[in-house]
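Report on one structure; see the data block that follows.
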Amino acid sequence: MPLTLYDAIVPTWLQVTGSVQGLIDKAEQWCTDEGHAPSELIGACLATDMLPFAYQVKSCWVHSALALEGAKEGKFAPHMDPPPDSFDGLRDLLDQAVSVMKETDADELEAIAGNDMVFTIGDKFRLDFTVQNFLLGFSNPNFFFHATTAYDILRMKGIEIGKRDYLGQLPVKG
């Protein structure tokens with residue numbers, strides 16, 4: 001059976017979105033247990049020239065839910081609003097992402113895979129893709145970059161998490 005575009009991205013996005021939701025829970029628990037303000041993690045950066053934890057989580061939403069919605073419209077532009085400043089706000093974005101992914105129809109996605117897709121930043125920057133190339137070659141790597149960076153920020157701050165926390169619920173047989 002051939003692998004569909006849906007099969008190539010949505011199940012793993014759902015898996016890792018679940019793991020990022022778990023990371024938020026562990027981050028919040030760490031703040032409670034260790035007496036740290038949530039802002040210490042929400043605003044934490046891996047490096048001085050990188051964006052904070054909240055942005056990394058928000059970007060998982062952008063490069064899953066908004067990417068799928070953009071694919072249906074044939075256009076995508078980065079979401080420029082600031083990320084939420086609370087764990088609950090970050091959870092809400094990921095809940096929205098899960099809803100969009102679960103509502104995505106595999107046949108509909110397959111039907112638009114070859115359609116034109118444009119990525120823009122204002123009037124100054126434009127990249128032309130097909131829907132398939134945009135999702136696989138742009139949003140997919142961005143999604144995993146931001147999920148990994150969120151994980152790395154929490155590790156850097158001393159939260160006891162490991163590879164299992166990143167992998168989330170594995171799609172094991174049975």
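Computed values, structure above
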item	result
Counted residues, region 70-104 - those being within 18 Å of ARG126 (Cα to Cα) and acidic (Asp, Glu)	1
Yes/no for LEU109 being modelled with pLDDT of 95 or more, surrounded by 14 or more Cβ atoms within 10 Å (Cβ to Cβ), out of contact with any Phe, Trp or Tyr (no Cβ under 6 Å at 6 or more places or on another chain) and among the aliphatic types (A, V, I, L, M)	no
Flag for THR149 being in a helix (DSSP H, G or I) and either touching a His at 6+ places or on another chain (Cβ under 8 Å) or more than 19 Å from THR4 (Cβ to Cβ) (or both)	yes
Criterion violated by VAL57 - all others in (1) more than 12 Å from the chain's Cα centre (by Cα); (2) among the hydrophobic types (A, V, I, L, M, F, W, C); (3) surrounded by 14 or more Cβ atoms within 10 Å (Cβ to Cβ) satisfied	(1)
Selection from region 150-174 of residues that are over 15 Å from GLY18 (Cα atoms), surrounded by 10 or more Cβ atoms within 10 Å (Cβ to Cβ) and either touching a Ser or Thr at 6+ places or on another chain (Cβ under 6 Å) or of a type in the set (A, V, I, L, M) (or both)	ILE153, LEU154, MET156, ILE159
Answer from ALA77, ALA111 - the residue that is over 24 Å from TYR166 (Cβ atoms) and either among the β-branched types (Val, Ile, Thr) or within 19 Å of the chain's Cα centre (by Cα) (or both)	ALA77
Residue in region 117-138 that is touching a helix residue (DSSP H, G or I) at 6+ places or on another chain (Cβ under 8 Å) and part of a loop (DSSP other than H, G, I, E, B) present	no
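The values are calculated or read from the model by the stated rules, or taken from the named source; none is laboratory data. Since the model is a prediction, treat every value here as computed from it, not as a measurement. Methodologically, a virtual Cβ is constructed for each residue, glycine included, from the backbone with ideal geometry; neighbour enumeration extends over all protein chains shown.
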